[in-house]
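Nothing in this text is a laboratory measurement; each read-out follows from the coordinates by a stated rule. Quantities reported herein were computed from a predicted structural model and do not represent experimental measurements. Note: ideal-geometry Cβ built from the backbone for every residue, glycine included; neighbour counts use all protein chains shown.
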Amino acid sequence: MTEVLILCPACKIELHGTPEMAGKRARCQRCGEVFVISIPHLHPQPKTPGLDDTIVDWLAEGDVDESPGAQPTQVTMTMDGTGTTPVQGHPPGRANAPQGETGQLQLKLSETRGARFSFPRERLLEEAFRASMPQCCLGCGVEHDLLVNLVVWHDQVLRQDIPALTHSGIPVKVQAESLMGFDGENLLDRLPKVPHMPAPFDEPMPFFLCAKCSSDEALTTAVHAAGDADAQCELGIRSLFPAAAFLGRHVGTQHEQYKKLIKAARYARLKKKDPWRALPPPVRNRIANWFKCGKDEKFLCYVPDSDRGKAEIGMSGVVVSGERIVYFKYGALRQINLTEEVRLRVEKTHERYQLHLTSANSKDCVLHCEPAGAEAIRRAIRKAGGKYSFLR
């Protein structure tokens, strides 16, 4: 069968389809946009689709890894030794919300903590809200062999002696085949309430994980002003594509907050795949004046020195590659080979943070940066297989 590429009008990703799909209705696997398929050289003006022309299955991308957090029509849940069973997906979210209105769902973005959503606790009483998690792993975005978990608001636990309730989620021991035919709010009827929780925090809010990801890595929960009638819940999703899918179900894919989150997700993915190319070209050009990658050397991260202004980023700082740490500031160029143990020390002076990097054979390299910058350097050293220690 002939295969053609179909362009999603919202996120502009190329999807795979067949010529027979022209004029039918489809949903983009990545952003959730519903649109009428147009293949210009076959159907210049596709007809308005009727109910019989709706495509049941979602369009699949060629590279699954390129679309973590997508909203598939099927979730495959692991069964004990019997393979997998498909479960129907959630219905589409509501229509696009006005730009200034997010349905009491407030978004906060953090480079280290992902996306955090604040909302009134009364929303936990809404079945549609609790059934709106994207049907993919919240940790890595895969869409197969998923396990059902329930959100745990662990700071609301009535009993502190239950270890499982100290985590952000608990697995649900439900046979996958018993969930066949249930989707959206109907799925909630098949799930138990969270034990030892006061209302409304005991209401089941399912999310999905693969066997490799843990709830504490994928999800965070908190309740602010818990004893107050105006208590706010905070739900954090570290992986940005699943977070965007969750937000899109509430505000639509044309909302500015959704577009902002999708943009951040794409940047984070690019940064993870190619951290050098993720840097703005002017910054790369400035760094290239004092750092050059050798043959087969891999660039891992760059942390600027906060002594410089935004317009001067790249003129100083620290670069970590797979082989070495390169420090440059005010004309002083120093290197630490990752065959040596790197000693790191963070101290706060005059409302600023200083990171000291030393080794047995190098002078002290002092970098002014936030703790997140020190953490980025530590992760890069670890990724390169280097040894490090923190000094107090």
Response to the item:
If R0 = 51 Å, then residue 125 and residue 344, at their Cβ-Cβ distance, give a FRET efficiency to the nearest 0.05 of 0.60
Worksheet item: For residue 391 and residue 230 in the same chain, what is the full-extension length gain: residue separation times 0.36 nm, less their Cα-Cα distance, in nm?
Response: 53.6 nm
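Take the Cβ-Cβ distance between residue 285 and residue 36 as r, set R0 to 56 Å, and report the resulting FRET efficiency rounded to the nearest 0.05.
0.80
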Worksheet entry | Residue order, fewest to most beta carbons within 10 Å, for 154, 350, 224, 368 | 350, 224, 368, 154
Fill in: Backbone N under 16 Å from the residue 356 label point (7 Å along Cα→Cβ), restricted to region 312-345
342-345
Worksheet item: Tell me, 357, 147 in order of fewest to most beta-carbon neighbours within 10 Å?
Response: 147, 357
Worksheet item: Which chymotrypsin sites (Phe, Trp or Tyr not before Pro) from region 268-340 combine a DSSP loop assignment with at most 15 other Cβ atoms within 10 Å?
Response: 330
Discussion item. Sort 362, 110 by Cβ crowding within 10 Å, fewest neighbours at the top.
Written reply: 110, 362
